[in-house]
Amino acid sequence: MIFRARDRDAPVTREGIIFRVMGYDHPPGACFCDVEYAPETIYTSREKRALREGKGLRYYKFYFDGGLKFVEERYPQYTVYSRVFGKRLVGLKYEYIAELRKPEERLQKLLMTEKDDKLLKALRRLLDTITEISTLRTSDFGVFGSLMHGFYHEEYSDLDLVIYGTKELEELLEVLSSLYRDGRVLINEFDTVSPEHFKNWRFKHLTPKEY
């Protein structure tokens with residue numbers, strides 16, 4: 001099988017470990033990743049937020065540096081050398097990928113499913129709103145995170161979306177800015193946050209307003 005990994009694609013290993021591709025600059029025959037979930041057959045966590053259940057399976061999500069330590073200690077073969085950083089980072093050679101889940105394919109399946117819970121209604125409503133007032137299409141988007149893997153919680157899970165294409169991204173930014181200014185469809189949760197929240201701002205290339 002020939003793989004061509006893109007940002008937010010989800011490689012899955014033979015053990016069932018779920019990774020997430022990070023960016024587009026990768027060594028030949030490999031991709032840098034973040035490790036997201038592992039089945040309970042090989043990993044468990046005491047973190048209350050970590051458990052994910054769906055399709056008869058139980059997975060645990062990694063938080064903070066838990067995924068990095070997990071790979072370094074138990075699966076060092078799932079690292080790839082980076083010339084930029086001069087060290088090995090979490091990543092996969094294509095030969096270790098048993099399945100490559102694609103955000104755009106998963107989104108289309110979700111939009112066509114007869115299932116109609118709160119989260120899927122919110123997903124459809126958001127995409128309908130965006131496509132109605134722009135030239136963007138649902139095929140420009142993909143979905144990642146728990147929605148992609150089928151173990152989301154309709155009350156607590158997020159809508160994790162990715163958009164493909166520079167022009168498409170620029171148009172989406174304009175659309176979202178307009179919707180947030182209007183305030184009837186989308187509300188910025190940080191509009192009501194106290195300035196104290198940003199007192200110890202550490203980002204150098206991102207202002208609190210941009211955030």
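The values are calculated or read from the model by the stated rules, or taken from the named source; none is laboratory data. Just so it is clear, the model here is predicted, and its values are computed rather than measured. Positions of Cβ are generated from backbone atoms using ideal geometry, with glycine treated the same way; all protein chains shown enter the neighbour counts.
Report yes if some residue within segment 35-45 is buried (at least 18 other Cβ atoms within 10 Å of the Cβ), of a type in the set (A, V, I, L, M, F, W, C) and modelled with pLDDT of 90 or more; otherwise report no.
yes
List the residue pairs whose Cβ atoms are under 9 Å apart, where the first residue sits in segment 152-175 and is under 19 Å from Glu104 (Cα atoms) and in contact (Cβ under 8 Å) with a residue 24 or more places away in the chain, the second is polar (S, T, N, Q) and assigned to a loop (DSSP other than H, G, I, E, B), and the two are 6 or more positions apart or on different chains.
What qualifies is Glu168/Thr135; Glu171/Ser134; Glu171/Thr135; Leu172/Ser134.
From the list Leu136, Leu57, pick out the single residue that is surrounded by 14 or more Cβ atoms within 10 Å (Cβ to Cβ), within 22 Å of Asp9 (Cβ to Cβ) and at pLDDT below 95.
Among Leu136, Leu57, only Leu57 is surrounded by 14 or more Cβ atoms within 10 Å (Cβ to Cβ), within 22 Å of Asp9 (Cβ to Cβ) and at pLDDT below 95.
Name every residue in segment 51-88 that is more than 15 Å from Gly29 (Cα to Cα), in a strand (DSSP E or B) and either of a type in the set (A, V, I, L, M, F, W, C) or assigned by TED's automatic domain parsing to the domain that holds Leu147 (or both), in order of residue number.
Result: Leu51, Leu57.
Among the residues that make up segment 9-19, is at least one of them farther than 16 Å from Thr79 by Cβ and of a type in the set (Gly, Ala, Ser)?
Yes, that holds for at least one residue.
Go through segment 147-192 and report how many residues are under 15 Å from Ala122 (Cα atoms) and either touching a His at 6+ places or on another chain (Cβ under 9 Å) or among the charged types (D, E, K, R) (or both).
Qualifying residue count, segment 147-192: 5.
Among the residues of segment 8-58, which ones are of a type in the set (Val, Ile, Thr) and touching a helix residue (DSSP H, G or I) at 6+ places or on another chain (Cβ under 7 Å)?
Answer for segment 8-58, where residues must be of a type in the set (Val, Ile, Thr) and touching a helix residue (DSSP H, G or I) at 6+ places or on another chain (Cβ under 7 Å): Thr13, Ile18, Val35.
Pull up segment 159-211, narrow it to residues that are hydroxyl-bearing (Ser, Thr, Tyr) and part of a helix (DSSP H, G or I), then point me to the one that is farthest from Arg20 (Cα to Cα).
Thr192
Return only the number of the condition from (1) exposed (fewer than 14 other Cβ atoms within 10 Å of the Cβ); (2) modelled with pLDDT of 90 or more that Val175 does not satisfy.
(1)
Given the criteria surrounded by fewer than 18 Cβ atoms within 10 Å (Cβ to Cβ) and not in a helix (DSSP H, G or I), does Asp128 qualify?
Judged against the criteria, Asp128 is not a match.
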